[in-house]
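The next block holds one structure in the form of structure tokens; read it before the comments.
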Amino acid sequence: MVQQTKIGVRIFQYILLIALTLITLLPLIWMLSASFKLSTEVFSNPIRWIPETFHWDNYLKIWEKVDFALFTKNSAKLTILVTIIQLFTCSFAAYGFTKCKFPGRDTLFLCYVATIAIPWQIFMLPQYIMMQKFNLVDSHLGYVLLSSFAAFGVFLLRQFFLGIPNELLEAARIDGLSEYGIYFRIVLPLAKPAMATLAIFTFVNVWNDFMGPMIYFNSESNKTIPLGIRMFVGQYSTDYQLIMAASVVSLIPVIIMYAFCQRYFVQGIASSGLKG
């Protein structure tokens with residue numbers, strides 16, 4: 001009887017998970033379907049999940065109608081730079097807040113992490129004025145500098161670093177290893193799951209960022225994919241099928257990134273919350 005109950009519960013769990021997965025995938029399936037349709041067919045009622053005719057030329061038009069190749073290159077450049085820099089700045093700060101002792105360490109950390117609760121819209125204007133003073137508006141350098149530090153990344157990595165035994169680091173110090181040596185040779189190799197998790201979060205956030213590039217970039221040569229997709233919205237008409245095709249293309253790097261890091265992702269999320 002107990003065994004039958006367990007089997008019934010397990011079947012119900014699988015059915016629920018399959019239903020939730022389908023609900024999550026439906027918008028993506030609709031987007032993929034709409035990318036092969038004509039503009040007049042996108043919002044047909046009832047929804048036609050499989051187009052009568054697959055218009056593959058939609059994927060060619062997104063490269064012809066706007067300079068989508070340039071936008072893709074800009075997005076890739078900014079995303080890679082910000083992700084790499086954030087991994088180092090956040091891990092350095094997390095190491096200092098975790099393994100280095102100095103007066104006011106915990107208070108400073110709490111004040112820094114508290115900035116997560118401040119909406120970005122509040123300091124959006126001061127940041128813009130500051131960048132304007134340094135002549136960094138409409139430049140990739142200004143955007144990279146503003147995006148290279150993240151309180152959430154420091155918090156995530158600090159929680160993981162707390163699980164690294166201090167005795168291991170003390171033994172390395174006794175053997176003559178410097179703090180930088182400990183960081184690069186011991187801490188970073190052990191922190192691969194947390195670093196991969198932060199890399200995924202940062203990659204997705206920067207790749208999909210719309211507000212930042214819209215505020216700081218004026219010239220078309222600096223624009224990114226989200227701004228490029230916005231260009232398919234005209235004054236009198238909107239090419240929804242091209243928007244969907246461009247969205248599908250922009251989703252590919254995110255899927256590839258997750259595929260490479262997914263084996264560390266769950267482990268990093270779980271282990272980063274073990275200690276506080």
> Any residue in segment 61-82 that is in a helix (DSSP H, G or I), in contact with a helix residue (DSSP H, G or I) (Cβ under 6 Å, 6 or more places away or on another chain) and more than 20 Å from Ser221 (Cα to Cα)?
Replying inline: no
> Name the residues in segment 91-118 that are surrounded by fewer than 10 Cβ atoms within 10 Å (Cβ to Cβ) and among the small types (Gly, Ala, Ser), would you?
Replying inline: Gly104, Ala117
> Could we say that Phe152 is part of a helix (DSSP H, G or I), over 18 Å from Tyr216 (Cα atoms) and under 23 Å from the mean Cα position of the chain (by Cα) here?
Replying inline: yes
> What pairs come up if the first residue lies in segment 11-34 and is of a type in the set (Ser, Thr, Tyr), the second is at pLDDT below 90, and their beta carbons are under 6 Å apart, counting only those six or more places apart or on different chains?
Replying inline: Ser33/Trp49
> Residues of segment 47-83 being closer than 30 Å to Ser147 by Cα and loosely packed, with under 13 Cβ neighbours inside 10 Å, which ones?
Replying inline: Ala69
>> Give all pairs with beta carbons closer than 7 Å in which a residue from segment 84-108 that is touching a residue at least 40 places away in the same chain (Cβ under 8 Å) meets a residue that is among the charged types (D, E, K, R) and in a helix (DSSP H, G or I); count only pairs at least 6 apart in sequence or on separate chains.
In response: Ala94/Arg158; Phe97/Arg105; Phe97/Arg158; Thr98/Arg158
>> Take the residues in segment 130-173 that are within 15 Å of Lys99 (Cα to Cα) and free of Cβ contacts under 8 Å to residues at least 24 places away in the same chain; name whichever of them is surrounded by the most Cβ atoms within 10 Å (Cβ to Cβ).
In response: Ala172
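What are the residues in segment 99-118 that are of a type in the set (S, T, N, Q) and at pLDDT below 90, if any? Lay out the reasoning, then the answer.
Going residue by residue through segment 99-118, those that are of a type in the set (S, T, N, Q) are 107, 115.
Result: Thr115, single match.
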> When both residues are 6+ apart or on different chains and their Cβ atoms are under 6 Å apart, which pairs have a first residue that lies in segment 46-66 and is within 20 Å of Leu28 (Cα to Cα), and a second that is of a type in the set (Phe, Trp, Tyr) and in a helix (DSSP H, G or I)?
Replying inline: Ile62/Phe68
> Filtering segment 15-60 down to residues that are among the aromatic types (Phe, Trp, Tyr) and part of a loop (DSSP other than H, G, I, E, B), which residue is farthest from Gln241 (Cα to Cα)?
Replying inline: Trp49
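Residues are listed down the side, and each one gets a yes or a no for (1) at pLDDT 90 or above; (2) touching a strand residue (DSSP E or B) at 6+ places or on another chain (Cβ under 8 Å); (3) in a loop (DSSP other than H, G, I, E, B); (4) of a type in the set (A, V, I, L, M, F, W, C):
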{"residue": "Ala245", "(1), (2), (3), (4)": "yes, no, no, yes"}
{"residue": "Phe260", "(1), (2), (3), (4)": "no, no, no, yes"}
{"residue": "Phe265", "(1), (2), (3), (4)": "no, no, no, yes"}
{"residue": "Ile269", "(1), (2), (3), (4)": "no, no, no, yes"}
{"residue": "Gly276", "(1), (2), (3), (4)": "no, no, yes, no"}
> What single numbered condition from (1) within 30 Å of Ile225 (Cβ to Cβ); (2) not in a helix (DSSP H, G or I) fails to hold for Leu141?
Replying inline: (2)
> Among the candidates Leu136, Leu168, Leu177, which residue alone is over 31 Å from the mean Cα position of the chain (by Cα) and part of a loop (DSSP other than H, G, I, E, B)?
Replying inline: Leu177
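In segment 214-236, which residues are buried (at least 18 other Cβ atoms within 10 Å of the Cβ) and within 17 Å of Ile62 (Cα to Cα)? Can you show your working first?
If we filter segment 214-236 for residues that are buried (at least 18 other Cβ atoms within 10 Å of the Cβ), which is where we start, we get 216-217, 222-229, 231-232.
Answer for segment 214-236, where residues must be buried (at least 18 other Cβ atoms within 10 Å of the Cβ) and within 17 Å of Ile62 (Cα to Cα): Lys223, Thr224, Ile225, Pro226, Leu227, Gly228, Ile229, Met231, Phe232.
The values are calculated or read from the model by the stated rules, or taken from the named source; none is laboratory data. Bear in mind the structure is a predicted one, so any value in this text is a computation, not a measurement. Quick reminder, even Gly has a Cβ in these numbers, built from the backbone with ideal geometry, and neighbours come from all protein chains shown.
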